[in-house]
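Novice: Before anything else, here's the structure in question.
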Amino acid sequence: MGKATKALHLARAMQTHATGINLDPDLTTSAAQGRNVIINGDMQIAQRYPYQLTGLGATSGIHTLDRMFTTSVNSAGRFTMSQDSDCPNGFIHSLKYACTTADTSIASNEAVLLKYRIEGDDFQKFKWGTPEAEPSVFSFYVKGNAAATYTWEFSVGSYAIHKRFNVTTDWTRIVFAIPARFVGAVEQGEGKGGEWNIWLHAGSDYTGGTQVQDQWHTGYNTNQRSNSSDTSFYDSTSRTFLITGIQWELGSRVTPFEHLTYGEQLMKCQRYYFHTYEKHHYPDLATARGAYNHNFGSMSTYGEVNFFFPVSMRSVPTVTSYSPEGGQGAGSFQYWNGSTSVSTNSLYVGYHNQCHHNAKIALGGTSRSNFVGHVVAESEL
C-alpha cells in the first residue's frame with residue numbers, strides 16, 4: 001500500500017473515531033454537485049464592506065461576509081469581524097471574530113450568535129415532517145486562540161437540536177449527524193424555513209435550563225439554548241473564533257467540502273444582496289459612476305430609468321440609491337445642472353420586483369438633463 005493510500009485510510013479512520021461518521025469512500029475525491037445547502041460556507045464573498053470592521057457588538061446584522069448574520073444584544077463587549085486568510089488547507093478565507101472589549105459581568109439577557117437563515121424550499125430534499133424523512137450531516141472547520149467550547153443549534157419551527165463542540169488552536173473539522181425529523185412540517189417557499197446558530201456568548205436567560213443535546217426537541221425559545229459550561233467569547237480581549245468550510249448535506253456520511261467558483265458563489269449571494277459600487281466599499285463612500293447614468297435630453301418634468309438585477313432576488317427587495325460622490329447618505333443621487341454636478345435626495349422609487357428596479361427623478365427644468373447614482377438591493381431572510 002502506497003503512502004498516499006495509507007494517509008487516506010488514516011484520515012478516514014481519524015474522522016470516524018472523532019465523529020462516529022465515516023467519510024464516504026466513494027465520495028472522498030468525487031462527490032455529487034449541489035449537495036451543500038449553505039451559501040458562502042467557504043467565506044469567499046464579502047460584498048458589503050471592507051475586509052475588516054471594528055467596534056461591532058452594539059448592533060446585529062450581516063456586517064462583513066455574505067449570508068453570515070451576527071446577533072449581538074445587551075452586552076458591553078465589542079469585537080472585530082473580518083474575512084481572514086488564516087484557514088485550513090484547501091481554503092483561502094475564514095470568518096474571524098476577535099474580542100476587543102471584554103465583558104465578564106454577564107447580564108441574564110446578553111447574547112452573541114453567529115446565525116445563518118435557510119429558505120424553506122432548500123429543506124425539501126430532506127423530507128422533514130414526513131414518514132420518509134432523511135438524515136443529514138452538518139460540518140465546518142474551526143480554530144481559536146485557545147481551547148473553548150460552544151453550542152451549535154439548529155432550529156426548524158418549534159423544534160431544535162443542540163450539540164456542543166470544542167475549539168483548539170489548530171484547525172479542526174467538526175461533524176454533526178442530524179437525525180431525520182419525522183414530525184413538524186417545514187415551511188415551503190422563499191421565507192425562512194429554519195436557521196442554525198453558534199452561541200458565542202450567553203446570559204442565564206439562555207443557559208439557565210438543562211440543555212437537551214443530540215436529539216430533536218420542542219421548546220426552541222427557552223433557557224436551554226446555550227450551555228452554562230460553554231466558553232464566553234467575551235472572557236478576554238485575546239479571544240478569537242475562526243470558522244470556514246460550512247456544509248450541510250443529505251445523508252449519513254460526510255463528504256469533502258463542495259467548492260464552487262467565485263462567480264457561482266457570488267450569484268448565489270446576489271439573490272439576497274446586490275450593489276453596484278466597488279467591491280468592499282461602504283455605499284455612501286462610492287466615488288465612481290454607478291447603475292443610474294442616463295441623459296434625458298430636453299425633458300423638463302421628470303426622468304425615469306430602469307435597472308435590472310443580475311439574478312432574480314429572493315423576494316421584492318428593499319432598494320436604496322446612493323450618489324457617486326461619497327458622504328451623501330442613503331436615498332441620494334447626482335444630477336448635472338448645466339454647469340456642475342449637484343447631489344440631492346429628490347429621488348422617487350418607482351415600480352420594482354425581484355428582477356427589476358425603476359427610479360424617477362423630478363427634473364424641474366431643462367438643465368437637469370442627466371443623473372447618476374448607485375443601487376443597493378436587499379432581500380435577506
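Novice: Taking Arg117 as meeting all but one of (1) closer than 21 Å to Gly191 by Cβ; (2) at pLDDT 95 or above; (3) more than 24 Å from the chain's Cα centre (by Cα), write down the number of the exception.
Specialist: (3)
Novice: Okay, next question. Looking only at residues in segment 252-281 that are in contact with an Asp or Glu (Cβ under 6 Å, 6 or more places away or on another chain) and either in a loop (DSSP other than H, G, I, E, B) or of a type in the set (D, E, K, R) (or both), which one is farthest from Gln52 (Cα to Cα)?
Specialist: Going residue by residue through segment 252-281, those that are in contact with an Asp or Glu (Cβ under 6 Å, 6 or more places away or on another chain) are 253, 255, 269, 272-273.
Subset that is either in a loop (DSSP other than H, G, I, E, B) or of a type in the set (D, E, K, R) (or both): 253, 255, 272.
Values: Arg253: 35, Thr255: 31, Tyr272: 21 Å.
Taking the candidates together, the pick is Arg253.
Novice: Right, another one. From the list Thr71, Thr64, which one is among the hydroxyl-bearing types (Ser, Thr, Tyr) and within 19 Å of Leu266 (Cα to Cα)?
Specialist: Going through Thr71, Thr64 in turn, the sole match is Thr64.
This table checks each residue for (1) within 24 Å of Phe79 (Cβ to Cβ); (2) open to solvent by less than 50 Å² (accessible area, probe 1.4 Å); (3) touching a strand residue (DSSP E or B) at 6+ places or on another chain (Cβ under 8 Å); (4) of a type outside the set (A, V, I, L, M).
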| position | (1), (2), (3), (4) |
| --- | --- |
| Arg181 | no, yes, yes, yes |
| Gln188 | no, no, no, yes |
| Ser204 | yes, no, no, yes |
| Thr222 | no, yes, no, yes |
| Ser226 | yes, yes, yes, yes |
| Ser229 | yes, no, yes, yes |
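Novice: Would it be correct to say that Arg35 is farther than 21 Å from Tyr273 by Cα, at pLDDT below 95 and of a type in the set (Lys, Arg)?
Specialist: Values: farther than 21 Å from Tyr273 by Cα: yes; at pLDDT below 95: no; of a type in the set (Lys, Arg): yes.
Considered against the rule, which asks whether it is farther than 21 Å from Tyr273 by Cα, at pLDDT below 95 and of a type in the set (Lys, Arg), Arg35 comes out as no.
Novice: Next up: Would you pick out the residues in segment 120-147 that are in a strand (DSSP E or B) and either open to solvent by less than 10 Å² (accessible area, probe 1.4 Å) or in contact with an Asp or Glu (Cβ under 6 Å, 6 or more places away or on another chain) (or both)? Give the derivation first.
Specialist: Filtering segment 120-147 for residues in a strand (DSSP E or B) gives 136-144.
Of everything in segment 120-147, those that are in a strand (DSSP E or B) and either open to solvent by less than 10 Å² (accessible area, probe 1.4 Å) or in contact with an Asp or Glu (Cβ under 6 Å, 6 or more places away or on another chain) (or both) turn out to be Ser136, Val137, Phe138, Ser139, Phe140, Val142, Gly144.
Novice: Now a separate question. Quickly run through segment 220-251 and pick out the residues that are part of a loop (DSSP other than H, G, I, E, B), out of contact with any Ser or Thr (no Cβ under 8 Å at 6 or more places or on another chain) and closer than 25 Å to Val37 by Cβ.
Specialist: Listed by number, the list holds a single entry, Asn221.
Novice: Which pairs do you get when a residue that is at pLDDT below 95, found in segment 124-143, comes within reach of a residue that is open to solvent by 50 Å² or more (accessible area, probe 1.4 Å) and among the polar types (S, T, N, Q), reach meaning Cβ atoms under 6 angstrom, with the pair 6+ apart or on two chains?
Specialist: From segment 124-143, no pairs qualify.
Novice: Moving on to the next point. Return the residues of segment 158-173 that are in contact (Cβ under 8 Å) with a residue 60 or more places away in the chain and open to solvent by 20 Å² or more (accessible area, probe 1.4 Å); say none if nothing qualifies. Full working, then the answer.
Specialist: In the first step, residues of segment 158-173 are kept if they are in contact (Cβ under 8 Å) with a residue 60 or more places away in the chain; the result is 158-160, 162, 164, 167, 171, 173.
Ser158, Tyr159, Arg164, Trp171, Arg173, listed by residue number.
Novice: Here's a follow-up. Within the bounds of segment 187-201, is there any residue that is in contact (Cβ under 8 Å) with a residue 24 or more places away in the chain, assigned to a loop (DSSP other than H, G, I, E, B) and out of contact with any helix residue (DSSP H, G or I) (no Cβ under 9 Å at 6 or more places or on another chain)? Break it down stepwise before answering.
Specialist: Just the residues of segment 187-201 that are in contact (Cβ under 8 Å) with a residue 24 or more places away in the chain, to begin with: 187-201.
Retained after the next criterion (residues that are assigned to a loop (DSSP other than H, G, I, E, B)): 187-191.
Of the ones still in play, those that are also out of contact with any helix residue (DSSP H, G or I) (no Cβ under 9 Å at 6 or more places or on another chain) are none.
There is no residue in segment 187-201 that is in contact (Cβ under 8 Å) with a residue 24 or more places away in the chain, assigned to a loop (DSSP other than H, G, I, E, B) and out of contact with any helix residue (DSSP H, G or I) (no Cβ under 9 Å at 6 or more places or on another chain).
Novice: Would you mention how many residues in segment 47-68 are surrounded by fewer than 18 Cβ atoms within 10 Å (Cβ to Cβ), among the hydrophobic types (A, V, I, L, M, F, W, C) and not in a loop (DSSP other than H, G, I, E, B)?
Specialist: Here the count works out to 1.
A quick yes/no check of all residues on (1) over 17 Å from the mean Cα position of the chain (by Cα); (2) open to solvent by less than 50 Å² (accessible area, probe 1.4 Å):
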site: Gly90; (1), (2): yes, no
site: His93; (1), (2): no, yes
site: Asp103; (1), (2): yes, yes
site: Ala111; (1), (2): yes, yes
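Novice: State whether the residues of segment 358-376 include one that is of a type outside the set (Lys, Arg), farther than 26 Å from Phe69 by Cβ, surrounded by fewer than 18 Cβ atoms within 10 Å (Cβ to Cβ) and modelled with pLDDT of 70 or more.
Specialist: yes
The values are calculated or read from the model by the stated rules, or taken from the named source; none is laboratory data. Just so we're clear, the structure is a prediction, and the values are computed from it rather than from any experiment. FYI the Cβ positions are ideal-geometry reconstructions off the backbone, even for glycines, and counts take in every protein chain you see. Quick note on the areas: whole protein, heavy atoms, side chains included, nothing else; ligands and nucleic acids left out. Shrake-Rupley method; radii C 1.70, N 1.55, O 1.52, S 1.80 Å.
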